[in-house]
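The values are calculated or read from the model by the stated rules, or taken from the named source; none is laboratory data. No experiment lies behind these values; they were computed from the predicted model shown. Cβ: placed from backbone, ideal geometry, glycine included. Neighbour counts: every protein chain shown. These accessible areas exclude ligands, DNA and RNA; they are computed on the full protein's heavy atoms, side chains included. Shrake-Rupley method; radii C 1.70, N 1.55, O 1.52, S 1.80 Å.
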Amino acid sequence: MLRIYNSLSRAKETFLPIDPPRVRMYVCGMTVYDFCHLGHARVMVVFDIVQRWLRSSGYQLTYVRNITDIDDKIIRRAVENGESISALTQRFIDCMDEDALALGVQKPDNEPRATAYVDDMLIMIGQLEKRGLAYKAANGDVNYSVRRFPGYGKLSGKSLDELRAGERVGVDTTKQDPLDFVLWKSAKEGEPFWKSPWGNGRPGWHIECSAMGTRLLGEQFDIHGGGQDLQFPHHENEIAQAEGAMEAGQGKRFVNYWMHNGFVRVDDEKMSKSLGNFFTIREVLKQFDPEVVRFFIARAQYRSQLNYSDHHLRDARASLARLYTALKAADVSTAGSAGTPDWSEPHAIRFREAMDDDFNTSEAIAALFDLANELNKTRAPAQAAQLRALGGMLGLLGRAPDEYLQFVPAAQSAENLGLGREEINALVAARSAAKKARNFVESDRIRDQLAAAGIVLEDTRDGTTWRRA
RNA sequence: GGCGCGAUGGCCGAAUGGUUAGGCAGGGGACUGCAAAUCCCCGUAUGGGGGUUCGAUUCCCUCUCGCGCCUCCA
């Protein structure tokens, strides 16, 4: 039985879908005006793991992750670049897809772009206006009147009076209440706009997700995810919009389970674009195997904070090498053919219990290491297959071991003293010959030469293999 | 200022009212020509102070420290 920590109740709850075995999940995706950073990588990987686990648990999942392709920053960036908005957003959507692919993130079932759902947003704004929850301000913007929505603050645990609006933000005097947020922004000179009953303009950010979510998944759905920073105000506003737009008196819940992943941090500070301390995914992938990045994310509980540093990624790389080393010793033939785990086997039982406990990937991975330890002793192909299959549940261990163990990051390829695979193999063969002739001075010389190039040799009964240090 | 989260060994990171996962790093042994890998064995941890309890790292209170949200943010 799957249990999920629900941000709404701040407790783990048994997961009961609205319409089993169907499950509908929406995750807030990216605003596409720049490259994705590691914070984005975490959202994508975390919910990719959630997605995989729901499906492998037998649920028929519909997974939606949106793309925000119209907003202030996009407009500004396009102007700066002298580039059209659509060219800019398409360019970064392509980059995002590349990054996601590298990290082993499967495509969601639907990736709606905000600009394609403006009609739905307008309908929802109209419903809100009809129910007295929206009003047009003096500056032409249409705002949401938070004081008129009784449940406002239930997700973030904030009360309107506690929010003390204006403390950190200049108060917008056209709003009835400083906490009111914009649903429809009236068009400014030179900005893209859509026609609406309230005049030309474009949607506010929050309405996008409510409109796309309800349009694609229904008025109510099971899971809504995103980064912790979206809990307030974004998700709070989504609830206010979606529930506020429902038929009066329904009292239905927009979303039953809210999931928020913790931040990625750098030097104990949140990694974010506004702080400027972010590392883009592609930057990191010049230094590290993408599977290392995925493993780094997966080995921590998704709600915890995750500190990024080269040291931690190197630690993750060494750790994952242990699993691949075990696979290599036992079996290389099952690469890429991760099958279904044998769920009756003890490690799989432990793995499943861990995953069912709010996606406890740390504990699930611990089961993988215990299995690897046994595999190192037995070398049994069935255990190797089981290790691969369980790793596959997390999107890990899908490659041939040598592909991982001999991986050279782009940033290091130039520093490898010009040693290509053929030269390495030739040196390994030369060393083996010297070793066989018991010329250990020569064989050790070659081994030292390779070590200087970052290559470690391993002698086995079947011959010598190599890996990257 | 308001609200919330957190503090576990050298590092990372789970869990738990009684024996504290797993990984990295480290020490010893086996194996090896020597190594590497692997196997076996082994240190060091629950921030401070109260309380509840037979027993607290776990529950409660408090203090200290750190972080997050209260503006755009994954």
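For residue A:453, no residue has an amide H sitting under 5 Å from its own, ignoring neighbours fewer than 5 places away on the same chain, with H placed 1.01 Å from N.
Computed from phi, the 3J(HN,Hα) profile of segment A:348-363 under the Karplus parametrisation 6.51, -1.76, 1.60 (θ = phi - 60°) reads 5, 5, 5, 4, 5, 4, 5, 5, 5, 8, 6, 6, 7, 5, 4, 5 Hz, with x in place of Gly and Pro. By the rule of a C-alpha distance below 28 Å, with chain neighbours fewer than 8 residues away ignored, the lysines paired with residue A:107 are A:12, A:73, A:270, A:273, A:286. Cα-based values for chain A, radius of gyration first and Dmax second, are 26.1, 91 Å. Residues whose amide H comes within less than 5 Å of that of residue A:23, counting only those at least five positions distant or on another chain, are A:60, A:61, A:62 (H built at 1.01 Å from N in the peptide plane).
Working from Cα positions, state the angle (0 to 90°, nearest 10) between the long axis of helix A:440-452 and the longest principal axis of chain A. Approximately 10 degrees, to the nearest 10. With a sphere of radius 14 Å drawn around the Cβ of residue A:348, what net charge do the other residues whose Cβ falls strictly inside it have (Lys, Arg +1; Asp, Glu -1)? Once positives and negatives cancel, what remains is -4. As a fraction of the 1.4 Å probe accessible area of chain A, surface on carbon and sulfur atoms comes out at 50 percent. For residue A:322, the accessible surface of its heavy atoms amounts to roughly 110 Å² (probe 1.4 Å, protein chains only, rounded to the nearest 10).
Contact order, relative form, for segment A:296-404: 38 percent (alpha carbon pairs under 8 Å, 6 or more residues apart, mean separation divided by residue count). If you line up the long axis of helix A:236-245 against the longest principal axis of chain A, both from Cα atoms, how many degrees apart are they, to the nearest 10? Orientation of helix A:236-245: about 50 degrees from the principal axis. Expressed in units of 2.2 N^0.38 Å, where N is the residue count, the Cα radius of gyration of segment A:410-468 is 1.12. Maximal additional length on extending the residue A:436-residue A:87 stretch stands at 119.5 nm, based on 0.36 nm per residue less the C-alpha distance.
For residue A:181, nonlocal amide neighbours, meaning residues 5 or more places apart or on other chains whose placed amide H falls under 5 Å from its own, are A:144, A:146.
Note that segment A:189-195 has calculated 3J(HN,Hα) couplings of 3, x, 9, x, 8, 10, 7 Hz, one per residue in order, obtained from phi through the Karplus relation 6.51 cos²θ - 1.76 cosθ + 1.60 (θ = phi - 60°); glycine and proline are x.
Using the 1.4 Å probe convention, the accessible area of chain A works out to 44 Å² per residue with neighbouring protein chains retained. Packing here is the average count of other Cβ atoms within 10 Å per residue, and on that basis the peptides A:8-19, A:44-55, highest first, run A:44-55, A:8-19. Only helices enter this figure: runs of n ≥ 4 DSSP H residues, each worth -39500 (n - 2.57), summed and divided by the residues of chain A, yield -13000 deg cm²/dmol at 222 nm to the nearest 500. Please determine, in degrees from 0 to 90 and to the nearest 10, the orientation of helix A:421-436 with respect to the longest principal axis defined by the Cα atoms of chain A, where the helix direction is its Cα long axis. For helix A:421-436, the angle is close to 30 degrees. For residue A:324, the solvent-accessible surface with a 1.4 Å probe is about 0 Å², rounded to the nearest 10.
Rolling a 1.4 Å probe over the protein heavy atoms leaves residue A:234 with an accessible area of roughly 0 Å².
The largest accessible area among A:370, A:358 belongs to the first residue in A:370, A:358, and the rest follow in falling order (1.4 Å probe, all chains).
Mean projected area of the convex hull spanned by the Cα atoms of segment A:3-261, taken over all viewing directions: 14.0 nm². A crude spin-label estimate for the pair residue A:79 and residue A:56, with each label 7 Å from Cα along the Cβ direction, gives 4.9 nm.
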